[in-house]
Amino acid sequence: MLGRKSIRVHGADCGFESLVLGAITSMGGFLFGYDTGQISGMLLFKDFIDRFGQDQGNGTKDFDSIIKSLVVSLMSIGTLIGALSGAYTADWWGRRKSLSFGVIIFIIGNIIQITAMNSWVHLMMGRFVAGLGIGNMSVGVPMFQSECSPKEIRGAVVATYQLMITFGILVSNIINFGVREIEEQSASWRIVIGLGIAFSLPLGLGILFVPESPRWLAGRRDWDGARLSMARLRGLKHDPKNALVEQDLKEMYESLEKENTVGTGSWLECFTGRPSHIPKLVYRTFLGIGIHFLQQWTGVNYFFYYGATIFKSAGIEDPIQTQLILGAVNVFMTFFGLYVVEKFGRRMPLFLGAIWQAVWLAIFASMGTGLNPESNKTSGIVMIVAACMFIASFASTWGPIAWVVVGETFPLRTRAKQASIATASNWFGNFLISFLSPIADEGISYKYGYVFAACNLAAALLVWFFLYESRGLSLEHVDHMYGQPKVKPWTSSKWVPPGYITRKHRDESHSTGIDDDATRVASDERLHAASHEKKHSGLGEPTESRHEDVARAV
């Protein structure tokens, strides 16, 4: 029924099923954020400490630094492994079944945590298993959304992934705030973890009722299935040969043909540049690694993993309430970030954001070190303000834009592998933060903030000297720009593709309507020839009549 309903967006039909798909898959980002945010408050619950903490010299119970590090950080190791394996399961089983598999693994991990009685190892392994599921979804959700969403709403749908991560963190903070009244009972932390299972069900079950990715189906030469899936996503299930569906199908076919032409690069090629010799290929691999590793080492998860503990040690009366404020700032400013990335581009927001974050982290560290916040209320207030200003900048710059950069920087031949490497470096940075923070905090206390300030300055330098501005360019033009020896990162915002007056408008004196028509005719002829050849070679391409439908749509 929903496959027959649509709304008009920018003059084109977008099916209700595409909107439902976007809403359901965004729960993957919510689960990621929820799982990230929940541990901060749970570490303060009395029953949680009594069950899993260690006996201290003064006769009390608390977590040893190394144990706290392992309990928090092993989830990141799970997500790292899950992210690397997620691309394979998505290709083997399809996008929908792969996401359902990730949800099942996440639920199993949460059940292991809930059933833990007194063993921190039991709890830690549950977080590891849940991390495997989160990592699987962190790859599968953006991929599924980008492949299924009509181009008219693709940007907004994919952007909801980062937005839902921040919303998940906020909800976990709200729930932690609500159950703190029963912190002496095991129900406090078990409710928090158990609700994660409930939140995962809409994704695990709902994903089975939306269309499979048409691109995945087309990659397996199931063109009938791809056509029907695209028709449903356009709200045209009753008219699968509609011109709009035919145009989408033709574009997909040409994209697959181009991928087949350039081939698929190996993992080794990402680090050697051979045999393709694509300009700045290795350069871009390490740029992606640097951007995503430093996204974590801006220090954001220092506050989200351990914020409640940090503010408790700073003498704040209700640290969980403070954590709730940080979560709210994170959500609100992410909405602003969606505007920033399109209005101001990539380079300057990342550069200025890193400088701004370094300043406020230095203030945070200086106040905590110079004036004991336990005895100086003003110091504690300034530290909270500094943390909020830092989070506000991260949410509007480094939070969403780092993911945008990964989607735009790499060439088609090695894009999937380079994106996986960059994502893996993000999770590795996440692991190091979660593992080292309790140890560093015990050793150098608030001076740890200076480490993050230095990392932000390093991030600013990386962006200024190595990142090219890609706003307003197609992916092909971005690839072309990186191959221009005279274009430098700090001048790249002025670069215009050949044949264009600006980045958005062609030079009409070099691109006439006759030329465009001739190009389209030639493209149709190549498409027809390729389709005819593959049909007779037994590869299962569309029939000639089906191809003619595709060609006529243009």
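So the values come out like this:
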| quantity | calculated |
| --- | --- |
| Only Lys, Arg (+1) and Asp, Glu (-1) charged, at Cβ; region 24-68 dipole about Cα centre in debye | 60 |
| Extension reserve of the residue 60-residue 118 stretch, reckoned as 0.36 nm per residue once the Cα distance is removed | 19.3 nm |
| Only Lys, Arg (+1) and Asp, Glu (-1) charged, at Cβ; region 314-420 dipole about Cα centre in debye | 640 |
| Restraint check, 343/486; 97/417; 97/250; 280/494; 61/312; 68/97, Cα-Cα greater than 28 Å | 68/97 |
| Taking the chain and dividing mean pair separation by its residue count, relative contact order in percent (alpha carbons under 8 Å, at least six apart) | 19 |
| Charge dipole of the chain about the Cα centre (unit charges at C-beta), most positive-ward option of 421, 187, 450 | 421 |
| Farthest toward positive dipole pole in the chain [+1 Lys/Arg, -1 Asp/Glu at C-beta], among 252, 77, 57 | 252 |
| Length released on extending from residue 445 to residue 185, taking residue separation times 0.36 nm less the Cα-Cα span | 90.6 nm |
| Point-charge dipole on Cβ atoms (K/R +1, D/E -1) for the chain, about Cα centre, debye to 20 | 480 |
| Extension gain (nm, one decimal) between residue 46 and residue 493, 0.36 nm per residue minus Cα-Cα | 155.5 nm |
| Expected 222 nm ellipticity per residue - DSSP helices of 4 or more, -39500 (n - 2.57), all of the chain, to 500 | -24000 deg cm²/dmol |
| Viscosity 1.002 mPa s, 20 °C: Kirkwood-radius Stokes-Einstein D of the chain over Cα pairs, µm²/s | 86 |
| For region 87-233: relative contact order, % (alpha-carbon pairs under 8 angstrom, 6 or more apart) | 31 |
| Other-chain or far-sequence residues with amide H under 5 Å of residue 54's (modelled H) | 62, 63, 64 |
| Residue-by-residue Karplus 3J(HN,Hα) for region 273-287, coefficients 6.51, -1.76, 1.60, Hz, glycine and proline x | x, 10, x, 6, 6, 5, x, 6, 5, 5, 3, 6, 4, 6, 5 |
| Farthest positive-ward along the chain dipole, Cα basis, beta-carbon charges - from 327, 440, 146 | 146 |
| Excluding exposed DSSP-loop trypsin sites (Lys or Arg not before Pro) (at most 11 other C-beta within 10 Å), longest clean stretch of the chain | 1-485 |
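No lab work stands behind these numbers, since they all come straight from the coordinates. Predicted model, so just to flag it, every value in this text is computed and none were measured. Backbone-built Cβ (ideal geometry, glycine too); neighbour counts: all protein chains shown.
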